[in-house]
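No value in this document is a laboratory result; all are computed from the given coordinates. None of the values given here were measured: they were computed from a predicted structure. Cβ coordinates were reconstructed from backbone atoms using ideal geometry, including for glycine residues, and neighbour counts include every protein chain displayed.
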Amino acid sequence: MNQQPLVSVIIPTYNRAEYVKKAIEGVLNQTYKNIEIIVVDGSLDNETEKMLQPYLIDSRIKYIRHKERHNSIEEDRRGGNIAKARNKVI
């Protein structure tokens, strides 16, 4: 049997619920279908989680709340917390 390998797509986000939806739709619309989508959310509010609820019925989509405290806006802009979120998922 010729099974295609599973491709994992990691989507880190921080207070950008509207863009996460577009990112998920973009992945789901690809021709390659053996995928999993892992959304890592470092947001301080629950807007991303609320927006994702309709997508979470799809077993290919996973949601992880990254609860690490942000030290500063400057650190966020440098991407330190984004890298930590990706490493957590990997």
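Quick one: order 13, 31, 48 by neighbouring beta-carbon count within 10 Å, fewest to most. Write down the numbers at each step before the final one.
Working: 13 19, 31 4, 48 22.
Ranking 13, 31, 48 by Cβ neighbours within 10 Å, fewest first, gives 31, 13, 48.
Using modelled amide H (1.01 Å from N, peptide plane; none on Pro or chain starts), what sits under 5 Å from the amide H of residue 38, excluding residues fewer than 5 places away?
Under 5 Å from the amide H of residue 38: 9, 10, 11, 62.
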